[in-house]
Amino acid sequence: MVKRVLLFLAAAVVLGVAAGLLLQSRDGSGSAPARGRTMSISTSFEPRVQLFGDPVTARIDLLFDRRRVLPAANKLRIEAPFRPFEVVGAPRVERAESGDLVHVSYAYRLLCLDRRCATGSPRTDIQLPPVRVFYSLADIRQRANDSAQWPTVSVASQLTRADLQQARWRASRDLPAVSYAIAPGMLAALLAVAALLALVGAAAVGAPLFTPGRVAPELGPEAEDGLPPLEHALAAVRRVFDSGEVADRRRALERLSRELGRAEEPQLAARARELAWSPEPPSPDAVDALAAEVHALNGSRPA
């Protein structure tokens, strides 16, 4: 219990000091509000003197009583023109409360690259327009506003007027027309022709794989004679070994292997597949031996 009382007293002292600092006039850091105002507004710059192109932080501190001003964030609106400065990013908002006292702080990161900040003189003093704060009164639910002056901020520049004139001349100089090693239209036509040639080449390479002669060993004239698929596959093997190429022989043996697998003859199916994809071309003797076993198998099966 004692610790809570001590923490409350410490927070009250800190906020009391902050309120005193905000309510009194600081040298060059903004004006204190006049008596009778509902809200205290304080403004400051950090640093007060900067070099051209360096960032500066503009700070707005609000201090008010929640019994007189609605403290919700959407009830507060800041109107602060910063020209010739530009705001970089979103403002940083900090909020602290102690009892009915509310302190809200807005920090804006500013940057000035305007000619008014680089006039060539050793130092330029800039006075911004007043900042205006809009808020809602808690007792009568009406909108009100207060304003405060900014302190003067100084910008020092190492540029001379000759530098500025030279920069203006360079900026207004006409640039040469865009040129290309190959005209865009010609490049598009060349790419289209190259794509067409690649398509024709791919078709020429793949065409032999889809010719009727390639699938003939798979089908054969026996496909319509009513024979079982295993006998069709065996007949295709015999036919291509009489007049077919090596690739046709391998495919015929692979078909025979599949049909033997369907016939639940895994050992014969493995031998046919081994012959089909052996490093050396399938030998006629090995194929004849396999065909004899398959033929004997068909003869031993019941009709």
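The values are calculated or read from the model by the stated rules, or taken from the named source; none is laboratory data. Not measured: the values here are computed from a predicted model. Ideal geometry is used to build each Cβ from the backbone, glycine not excepted, and the neighbour counts take in all protein chains shown. To get the accessible areas, we keep the full protein, side chains included, count just its heavy atoms, and leave off ligands, DNA and RNA. Shrake-Rupley method; radii C 1.70, N 1.55, O 1.52, S 1.80 Å.
Within the stretch 47-62, restricting attention to residues that are at pLDDT below 90 and at negative phi, which residue is surrounded by the most Cβ atoms within 10 Å (Cβ to Cβ)?
Here is the first cut: in the stretch 47-62, the residues at pLDDT below 90 are 47-54.
After this cut, where a residue has to be at negative phi as well, the list is 47-52, 54.
Values: P47: 12, R48: 13, V49: 14, Q50: 19, L51: 11, F52: 16, D54: 13.
Filtering first and then ranking leaves Q50.
Select from the stretch 110-136 the residues that are under 18 Å from S154 (Cβ atoms), open to solvent by 60 Å² or more (accessible area, probe 1.4 Å) and not acidic (D, E) and list them in ascending order. Reasoning before the result, please.
First, pick out the residues of the stretch 110-136 that are under 18 Å from S154 (Cβ atoms): 110-129.
Next cut, open to solvent by 60 Å² or more (accessible area, probe 1.4 Å) only: 113, 115-116, 122-123, 125, 127.
Correct list: L113, R115, R116, P122, R123, Q127.
Considering only residues that are over 9 Å from Y108 (Cβ atoms) and not in a loop (DSSP other than H, G, I, E, B), which ones fall in the stretch 57-77?
Kept after step one, since they are over 9 Å from Y108 (Cβ atoms), are these residues of the stretch 57-77: 61-77.
Scanning the stretch 57-77 gives D61, L62, L63, F64, D65, V69, A73, N74, K75, R77.
Give the residue, chosen from S98, S40, that is polar (S, T, N, Q) and farther than 19 Å from P151 by Cβ.
Every option except S98 fails the conditions.
Tell me which residues, restricted to the stretch 63-98, are open to solvent by less than 60 Å² (accessible area, probe 1.4 Å) and touching an Asp or Glu at 6+ places or on another chain (Cβ under 9 Å).
D65, P71, P84, F85
I'm trying to understand the selection: among the residues of the stretch 236-262, which are modelled with pLDDT under 80, small (G, A, S) and buried (at least 18 other Cβ atoms within 10 Å of the Cβ)?
Answer for the stretch 236-262, where residues must be modelled with pLDDT under 80, small (G, A, S) and buried (at least 18 other Cβ atoms within 10 Å of the Cβ): just G244.
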